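Computed from the coordinates by the stated procedures, all read-outs in this text should not be read as laboratory data. Predicted model only: the values in this text are computed from it and were never measured. Cβ: placed from backbone, ideal geometry, glycine included. Neighbour counts: every protein chain shown.
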Amino acid sequence: MPQSDQGIKDNRYTLIPRAAIFLRRGDSYLLLKGAPTKRLWANKYNGLGGHVERGEDVLTSAKRELLEETGLAADLWLCGTIIVDAGETGICLFIFSGESIGGELRASKEGLAEWVEFERIGELDVVEDLPILLGRIHGMKRGDPPFFAHSFYDDEKLVVEFAG
């Protein structure tokens, strides 16, 4: 269907696709401590990931981002999707988990990846939605149905609403 027939209207989002990856090893997750020079979340912990580039599918993008940011490869599975309300433009965040299947962990210009025990998340300086996302995926296993959510700010407070 051509772009002119896609139904783009003022009351609908234009979405930017992004992938977020949370590798798991037992009860620990591989998180990225943002480089001090990052524009967003400098020195804060976040999942791995980034933008889906033109011509990529989301799984290929997640694997590419993981390799670029950590040097690792993984067998990933989709945990869920979140539509992030960012005004006229929204973010469609595809959340992946998995276990590393190879590579040598290394730092990147984005920051330093490190394994963090789930119980320690509350002790760290993290991006705002990280505890919510990890809380949701911590009990999930491969084959579970993915979750669907919408996030937005209400009076400068983050709200994440899960469907169902």
Exercise for the section: Could you give the size of the charge dipole of region 5-164 about its Cα centre, using +1 on the Cβ of each K and R and -1 on the Cβ of each D and E, expressed in debye and rounded to the nearest 20? Expected result: 340
Problem - the chain - percent relative contact order, Cα under 8 Å, separation 6 or more - result: 26
Handout entry: For GLY50, distant residues with modelled amide H under 5 Å away
Key = ALA19
Exercise for the section: Can you check what the net charge comes to around GLU56, using other residues whose Cβ is under 15 Å from the Cβ of GLU56 (Lys, Arg +1; Asp, Glu -1)? Expected result: 0
Completion exercise
tail above 20 Å in the computed P(r) of region 10-121, as % of all Cα-Cα pairs, reads 42
Handout entry: Simple Cβ-charge dipole of region 81-145, Lys/Arg +1 and Asp/Glu -1, about Cα centre, in debye nearest 20
Key = 300
Completion exercise
The orientation-averaged projected area of the Cα convex hull of region 11-70, in nm², is 5.8
Practice task
Based on the mean of other Cβ atoms within 10 Å per residue, sort peptides 101-107, 55-61 so the most packed one is first.
Solution key: 55-61, 101-107
Fill in the blank from the handout: region 1-146: antiparallel bridges as % of DSSP beta bridges, rounded to 5, reads 75
Handout entry: Spin-label pair PHE162/THR37, simplified geometry with 7 Å Cα→Cβ offset, distance in nm
Key = 3.9
Completion exercise
Nearest 10, in degrees from 0 to 90: the angle of helix 58-70 to the longest Cα principal axis of the chain is 40
Exercise for the section: Starting at the first residue of region 144-154, write each ³J(HN,Hα) from the Karplus equation 6.51 cos²θ - 1.76 cosθ + 1.60 with θ = phi - 60°, in whole Hz, x for Gly and Pro. Expected result: 5, x, x, 8, 10, 8, 9, 10, 6, 9, 10
Handout entry: Distant alpha-carbon pairs in region 117-157 (separation over 11 angstrom), percent
Key = 74
Handout entry: Signed unit charges on C-beta, dipole axis of region 17-162, positive-most listed residue PHE96, HIS51, ALA113
Key = ALA113
